[in-house]
Amino acid sequence: MTRWGVRLLLWLFVVNLGITFGAGLYEARIVVPEWLAGSPETGYRWDAAAAREADTGRRFWAFVTTGPLTLLTAANLVAGWRARGTLRRWWVGAALAALADRAFTFSYFIPTMLTLMRDDTMPQPEAVRLALQWANLNHLRHAIVLVAWLAALKAFSLSSERRA
């Protein structure tokens with residue numbers, strides 16, 4: 001791959017991680033409360049119909065993370081591994097953090113949300129417990145994506161310095 005191709009790959013990774021982080025915060029703050037409404041005083045209620053109607057997984061995340069970020073993570077892991085010195089450490093670190101996010105997403109977040117959206121027979125207390133766990137672990141996922149994004153930004157900065 002040419003130098004420009006490698007820089008483009010890293011640039012796309014940085015941009016995609018930034019979109020992923022911002023959209024994740026938006027979803028957690030604005031969208032999830034429509035699915036998991038209530039308060040600790042009155043109790044929470046899981047609304048599977050609202051989650052199915054929003055269907056953010058197929059309407060948004062599939063186009064931003066499920067395919068694109070996963071492919072960009074793999075490609076940047078390879079490209080970062082081929083880099084040298086400090087750039088390599090930041091780039092591979094970013095790709096490994098993104099890989100952790102991808103593993104967490106595919107092994108827990110997607111299956112759990114599909115269960116919550118599909119299972120109208122799940123007792124409300126169990127659905128609320130599972131949805132609260134999903135929402136709370138989602139904060140950890142945001143932190144992982146933030147680390148990946150910041151490390152990718154540092155790698156991009158270092159790659160610019162090497163060009164100059």
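The values are calculated or read from the model by the stated rules, or taken from the named source; none is laboratory data. All figures in this text were calculated on a predicted structure; none of them were measured in a lab. Don't worry about glycine lacking a Cβ; one is built from the backbone with ideal geometry, like all the others, and counts go over all protein chains shown. Ligands, DNA and RNA are excluded from the accessible area calculation, which covers all protein heavy atoms including side chains. Shrake-Rupley method; radii C 1.70, N 1.55, O 1.52, S 1.80 Å.
What you get for the range 37-95, charging only the Cβ of Lys and Arg (+1) and of Asp and Glu (-1), is a dipole of about 560 debye around the Cα centre. Each Cα pair under 8 Å and six or more residues apart adds its sequence gap; the mean of these over the residue count of the chain is a relative contact order of 35 percent. Accessible surface calculations at 1.4 Å, restricted to protein heavy atoms, place the chain at 56 Å² per residue.
Each 5 Å bin from zero holds the following percent of Cα-Cα pairs in the range 68-159: 3, 14, 20, 18, 13, 10, 8, 6, 4, 2, 1. What is the angle, in °, between the Cα long axis of helix 124-163 and the longest principal axis of the Cα atoms in the chain? Nearest 10 is fine, range 0 to 90. Approximately 10 degrees, to the nearest ten. Distances between placed amide hydrogens fall under 5 Å for residue 46 paired with 128, all partners being 5 or more residues away or on another chain.
Which one of 149, 135, 68 is farthest out on the positive end of the charge dipole of the range 67-164, using unit charges on Cβ (Lys, Arg +1; Asp, Glu -1) and the Cα centre as origin? The Cα lying farthest towards the positive end belongs to 149. Fully extending the segment from residue 70 to residue 37 would add 8.8 nm, taking 0.36 nm per residue of separation and subtracting the current Cα-Cα distance.
State to the nearest 20 debye the size of the charge dipole of the chain about its Cα centre, where the only charges are +1 on K and R beta carbons and -1 on D and E beta carbons.
1220 debye
Across the accessible surface of the chain, with the other protein chains kept in place and a 1.4 Å probe, carbon and sulfur atoms take up 65 percent. In the chain, helical runs assigned H by DSSP with n ≥ 4 each contribute -39500 (n - 2.57); averaged across all residues and rounded to the nearest 500, the mean residue ellipticity at 222 nm is -24000 deg cm²/dmol. Counted by Cβ distance under 15 Å from residue 38, the other residues give a net charge of -1, where Lys and Arg count +1 and Asp and Glu count -1.
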